[in-house]
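The values are calculated or read from the model by the stated rules, or taken from the named source; none is laboratory data. All figures in this text were calculated on a predicted structure; none of them were measured in a lab. Positions of Cβ are generated from backbone atoms using ideal geometry, with glycine treated the same way; all protein chains shown enter the neighbour counts.
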Amino acid sequence: MSQPGECLLDTNVVIALLKRESQVLHQFNASVRVMLPAPVVGELKYGALLSSRSQESLDRIDELVASCEILSVDLNTAPHYASIKRALRDSGRPIPENDIWIAALARQYDLPLVTRDAHFQVIHDIQLLSW
(Lines give C-alpha, C1' and ligand atoms only; values in the text may rest on other atoms or scores of the structure.)
Protein backbone atom coordinates (compact mmCIF):
# COMPACT_ATOMS: atom_id res chain seq x y z
CA MET A 1 0.00 0.00 0.00
CA SER A 2 1.43 3.36 -0.99
CA GLN A 3 1.87 6.16 1.48
CA PRO A 4 0.82 9.79 0.94
CA GLY A 5 3.42 11.57 -1.15
CA GLU A 6 4.55 8.43 -2.99
CA CYS A 7 4.12 8.20 -6.74
CA LEU A 8 5.31 6.63 -9.96
CA LEU A 9 6.06 8.96 -12.88
CA ASP A 10 5.18 8.34 -16.51
CA THR A 11 7.49 9.51 -19.28
CA ASN A 12 5.44 12.56 -20.26
CA VAL A 13 5.53 13.89 -16.68
CA VAL A 14 9.29 13.36 -16.45
CA ILE A 15 9.72 15.29 -19.69
CA ALA A 16 7.68 18.14 -18.20
CA LEU A 17 9.86 17.93 -15.09
CA LEU A 18 13.04 18.09 -17.17
CA LYS A 19 11.57 21.13 -18.96
CA ARG A 20 11.09 22.65 -15.51
CA GLU A 21 7.33 23.20 -15.77
CA SER A 22 6.49 25.01 -12.55
CA GLN A 23 3.45 22.94 -11.57
CA VAL A 24 5.35 19.68 -12.08
CA LEU A 25 8.40 20.97 -10.20
CA HIS A 26 6.18 22.01 -7.29
CA GLN A 27 4.46 18.59 -7.11
CA PHE A 28 7.78 16.77 -7.49
CA ASN A 29 9.37 18.76 -4.67
CA ALA A 30 6.32 18.19 -2.46
CA SER A 31 6.46 14.42 -2.97
CA VAL A 32 7.96 12.24 -0.28
CA ARG A 33 9.07 9.40 -2.52
CA VAL A 34 9.18 9.54 -6.31
CA MET A 35 9.75 6.38 -8.31
CA LEU A 36 10.50 5.83 -11.98
CA PRO A 37 9.64 2.65 -13.87
CA ALA A 38 12.65 1.23 -15.70
CA PRO A 39 10.73 1.40 -19.02
CA VAL A 40 10.37 5.17 -18.50
CA VAL A 41 14.13 5.50 -18.10
CA GLY A 42 14.56 3.57 -21.36
CA GLU A 43 12.09 5.83 -23.18
CA LEU A 44 13.84 8.93 -21.86
CA LYS A 45 17.29 7.70 -22.91
CA TYR A 46 15.98 6.77 -26.36
CA GLY A 47 14.55 10.26 -26.74
CA ALA A 48 17.84 11.76 -25.61
CA LEU A 49 19.74 9.77 -28.26
CA LEU A 50 17.49 11.34 -30.90
CA SER A 51 18.13 14.83 -29.55
CA SER A 52 20.55 17.29 -31.13
CA ARG A 53 22.02 17.70 -27.62
CA SER A 54 22.20 14.03 -26.72
CA GLN A 55 24.90 14.16 -24.05
CA GLU A 56 23.33 17.11 -22.25
CA SER A 57 19.97 15.32 -22.26
CA LEU A 58 21.51 12.05 -21.05
CA ASP A 59 23.29 13.89 -18.23
CA ARG A 60 20.04 15.52 -17.09
CA ILE A 61 18.26 12.16 -17.16
CA ASP A 62 21.06 10.52 -15.16
CA GLU A 63 20.86 13.31 -12.59
CA LEU A 64 17.12 12.79 -12.19
CA VAL A 65 17.46 9.01 -12.07
CA ALA A 66 19.99 9.36 -9.25
CA SER A 67 17.38 11.24 -7.18
CA CYS A 68 14.59 8.69 -7.67
CA GLU A 69 13.99 5.06 -6.88
CA ILE A 70 13.87 2.91 -10.02
CA LEU A 71 11.33 0.11 -10.17
CA SER A 72 12.36 -2.73 -12.45
CA VAL A 73 10.15 -5.30 -14.08
CA ASP A 74 10.48 -8.71 -12.43
CA LEU A 75 8.60 -12.00 -12.13
CA ASN A 76 6.09 -10.38 -9.77
CA THR A 77 5.29 -7.78 -12.42
CA ALA A 78 4.51 -10.39 -15.08
CA PRO A 79 1.03 -11.45 -13.82
CA HIS A 80 -0.04 -7.80 -13.60
CA TYR A 81 1.21 -7.20 -17.12
CA ALA A 82 -0.61 -10.28 -18.43
CA SER A 83 -3.87 -9.32 -16.72
CA ILE A 84 -3.77 -5.75 -18.00
CA LYS A 85 -2.85 -6.78 -21.55
CA ARG A 86 -5.63 -9.37 -21.63
CA ALA A 87 -8.22 -6.86 -20.38
CA LEU A 88 -7.09 -4.32 -22.99
CA ARG A 89 -7.27 -6.95 -25.73
CA ASP A 90 -10.74 -8.04 -24.63
CA SER A 91 -11.96 -4.43 -24.62
CA GLY A 92 -10.40 -3.71 -28.01
CA ARG A 93 -8.46 -0.79 -26.53
CA PRO A 94 -4.73 -1.46 -26.95
CA ILE A 95 -2.14 0.94 -25.59
CA PRO A 96 1.62 1.12 -26.19
CA GLU A 97 3.51 -1.90 -24.87
CA ASN A 98 5.77 0.08 -22.53
CA ASP A 99 2.70 1.70 -20.98
CA ILE A 100 1.34 -1.73 -20.11
CA TRP A 101 4.56 -2.47 -18.21
CA ILE A 102 4.35 0.93 -16.49
CA ALA A 103 0.75 0.25 -15.45
CA ALA A 104 1.75 -3.22 -14.26
CA LEU A 105 4.39 -1.70 -11.99
CA ALA A 106 1.86 0.82 -10.65
CA ARG A 107 -0.51 -2.03 -9.86
CA GLN A 108 2.20 -4.29 -8.44
CA TYR A 109 3.41 -1.65 -5.99
CA ASP A 110 -0.03 -0.06 -5.47
CA LEU A 111 1.36 3.34 -6.42
CA PRO A 112 -0.47 6.25 -8.02
CA LEU A 113 0.74 6.80 -11.57
CA VAL A 114 1.35 10.42 -12.51
CA THR A 115 0.63 10.74 -16.22
CA ARG A 116 -0.87 12.96 -18.86
CA ASP A 117 -1.91 10.01 -21.06
CA ALA A 118 -5.68 9.46 -21.04
CA HIS A 119 -5.33 5.86 -22.28
CA PHE A 120 -4.34 4.75 -18.76
CA GLN A 121 -7.92 5.51 -17.67
CA VAL A 122 -9.13 2.23 -19.20
CA ILE A 123 -6.89 0.19 -16.88
CA HIS A 124 -8.60 -1.00 -13.71
CA ASP A 125 -7.00 -1.06 -10.29
CA ILE A 126 -4.51 1.74 -10.76
CA GLN A 127 -4.82 5.24 -9.35
CA LEU A 128 -3.99 8.08 -11.73
CA LEU A 129 -2.75 11.55 -10.88
CA SER A 130 -2.21 14.47 -13.22
CA TRP A 131 0.36 17.17 -12.61
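Considering each of Arg53, Arg20 in turn, give the residue that is among the charged types (D, E, K, R) and over 21 Å from Asp117 (Cβ atoms).
Working: Arg20 fails: over 21 Å from Asp117 (Cβ atoms).
Only one candidate qualifies: Arg53.
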Hits in region 25-60 (condition: among the hydrophobic types (A, V, I, L, M, F, W, C), in a helix (DSSP H, G or I), modelled with pLDDT of 95 or more and surrounded by 19 or more Cβ atoms within 10 Å (Cβ to Cβ))
Val40, Val41, Leu44, Ala48
So, in region 42-93, how many residues would count as being under 18 Å from the mean Cα position of the chain (by Cα) and acidic (Asp, Glu)?
5
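For region 106-116, check the following and say yes or no: at least one residue is without any contact (Cβ under 8 Å) to a residue 12 or more places away in the chain and closer than 25 Å to Ser31 by Cβ.
Quick first cut of region 106-116, residues without any contact (Cβ under 8 Å) to a residue 12 or more places away in the chain only: none.
No; the residues of region 106-116 include none that is without any contact (Cβ under 8 Å) to a residue 12 or more places away in the chain and closer than 25 Å to Ser31 by Cβ.
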Name every residue in region 11-28 that is among the polar types (S, T, N, Q) and over 17 Å from the mean Cα position of the chain (by Cα), in order of residue number.
Ser22, Gln23
Those residues that are in a helix (DSSP H, G or I), hydrophobic (A, V, I, L, M, F, W, C) and touching a residue at least 12 places away in the same chain (Cβ under 8 Å), I need them from region 117-131; list them, please.
Phe120, Val122
Those residues of region 1-18 which are charged (D, E, K, R) and modelled with pLDDT of 95 or more amount to Asp10
